[in-house]
Amino acid sequence: MSTQAIPIIDLSPYLNGTDKNKVVDEIYYACKNVGFFYIIGHGVPDELVTGVHQKAKEFFDLPFDKKKVLSIQPGTIRGYQNLGQNITKNKRDWHEGLDYYIELTPDQLSQTTHVEEFEVSQNQDPNANRRQVLNNLLRGNNPWPDSPSDFRSTFETYIQHLLRLGAAIMSCIALGLKLPEDYFSSQNLISNPFWVFRIIGYPPLQGATMEEVGVSCGEHTDYGCLTMVNQDGTKDALQILTKEGEWISANPVPGAFVMNIGDMMTVWTGGEFKSTLHRVVHKGTGYRTSIPFFYEPNFEAKVNPMCGVKEAFTEVVYGRHLLNKVASNFKYDDEPKN
C-alpha cells in the first residue's frame, strides 16, 4: 500500500451540491477501509493553509526565552511545550508545540458535570497534579504569543474555517451511515464541538539528545471524532499503520488536508470504522511543521454505538475519555533540550 492508496477526495461536489452521493460514498469507503484520506476542494483559502505554516515557523524560530513565557506549567495543558515535554506511551516525543483548546463560557462550565464526577472519583488519588490538569483543561485560557504579528488573528480565522470543514465531513459521514445529514448536530453530539488545536515543530530526530526519546511522535490513535492535519512539504514523516501491519507514509498532497477518524467514531459505528494507528518519524534534515486540528464531539456528548457490533462497545462520555488521555501527556520541565 503506497501513499496513493490513501484516497484523495474532492469535497467540492458536496459543498456545491453537484454530486453529494459521490463524495459521501468516497468518504464512507475511506473511513471503513483505510481510516485516513486526503481532502481537496475544501474551500479553505490556499493563502491561509500555507500562511499558518509561515506563522508557525516564525514562532518556533524565536529564542527559547521568548517561547518559554507561554509554557505549560504543572497542572496545565494549554500553551508551549519544549522538545521532549510531550509524552506518548511513556516515551518523550521529539517535537515542540503550542496546544490550544476551546475556551468554555461560565454557562458551559456549569454544565460540565462529568468533569466533577470524574474529579470526585479521584479523591483518593495522591497525584494532585492530575486533578489540576483535569480542572485546568476546561478553566484555563489559551496563551497567545505577541509575535509574530497577527499570529492570534490568523489562527482564529483558520479555526473558523476548519470548524466549517469538520461539520461538512461529519454530515457526509452521517449520510454514508444512512443517517440524516444533520444527525450528529441535531442529536447534540457535535452541536458545540470541543475542538483541540496543535501547532507542532519537528526538528530532525538526529538531534535527539535524551535516552528516553521515542520518535518524533509515538504511535497512537486520536481521541475524538475527526482530525484535520495541515502538514508542510516534508516527505516520509507522517506514517500510518495499514490493516496489513505495514507502516506507510502519508506524504503531503499540495493543497490537501490529511484526515483521519478518531476513537469516538469507532464507538459510534460499533467498530465499522476503526481509528488508525499513526506516528511521526522525521529523519529528514529540515525543520518540519504540522498543524493538526481535532474536531471533537461536544464535551458532554454520550457516545453510543449506532450500528456495527453494538454489544462490543459501552457508552463513552467524550469529555471523560479526553481527560483520561491528556492527564499524563506531559513532563512539566521547561529547560531547553536543543
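Bear in mind that the values in this text are calculations on the coordinates, not laboratory data. These numbers were taken from a predicted model, which means no experiment stands behind them. When we count neighbours, we look across all protein chains shown, and the Cβ atoms used for this are built from the backbone with ideal geometry, even at glycine.
Quick one: dipole size for segment 172-224, taken about the Cα centre, charges +1 on Lys/Arg Cβ and -1 on Asp/Glu Cβ, in debye to the nearest 20.
Dipole magnitude for segment 172-224 comes out near 180 debye.
Give me the dipole magnitude in Debye, nearest 20, for the chain about the Cα centre, with unit charges on the beta carbon: positive for Lys and Arg, negative for Asp and Glu.
Value, rounded to 20: 380 debye.
Which of 197, 277, 179 sits closest to the plus end of the dipole of segment 3-326, meaning its Cα is farthest towards the positive end, when Lys and Arg get +1 and Asp and Glu get -1 on the C-beta?
Looking along the dipole axis, the top candidate is 277.
Please name which of 49, 287, 224 has its Cα lying farthest along the dipole of the chain towards the positive end, using unit charges on Cβ (Lys, Arg +1; Asp, Glu -1) and the Cα centre as origin.
Farthest towards the positive end: 287.
For residue 10, what residues show an amide H to amide H distance below 5 Å, using hydrogens built from the backbone and excluding near sequence neighbours?
Those qualifying (amide H under 5 Å, at least 5 residues apart or on another chain) are 40.
Is segment 1-56 best put as rounded, prolate or oblate by its Cα gyration tensor, with a ≥ b ≥ c the root eigenvalues, rounded for a/c under 1.5, and otherwise prolate when a/b is larger than b/c, oblate when not?
Oblate, because a/c is 1.5 or more while a/b does not exceed b/c.
Find the lysine pairs in segment 1-73 meeting two conditions, Cα atoms under 23 Å apart and a separation of 8 or more places or different chains, and report how many there are.
Lysine pair count for segment 1-73: 8.
Using the Kyte-Doolittle scale, find the helices of the chain whose mean hydropathy is at least -1.0 and whose Cα atoms extend 27 Å or more along the helix's long axis, counting only whole DSSP H runs.
Correct list, ordered by number: 151-176.
Quote the charge dipole size of segment 243-314 about the Cα centre in Debye, to the nearest 20; the model charges only the Cβ of Lys and Arg (+1) and of Asp and Glu (-1).
Magnitude of the dipole: close to 260 debye.
What trypsin sites (Lys or Arg not before Pro) in segment 64-103 are in a loop by DSSP, with at most 13 other Cβ atoms within 10 Å of the Cβ?
89
For segment 221-326, state which trypsin sites (Lys or Arg not before Pro) are in a DSSP loop and have at most 11 other beta carbons lying within 10 Å of their beta carbon.
Here the sparse-neighbourhood loop sites are 243, 283.
For residue 187 paired with residue 22, estimate the spin-label separation in nm (one decimal), with each label point 7 Å from Cα along the Cα-to-Cβ line.
Here the answer is 3.0 nm between the modelled labels.
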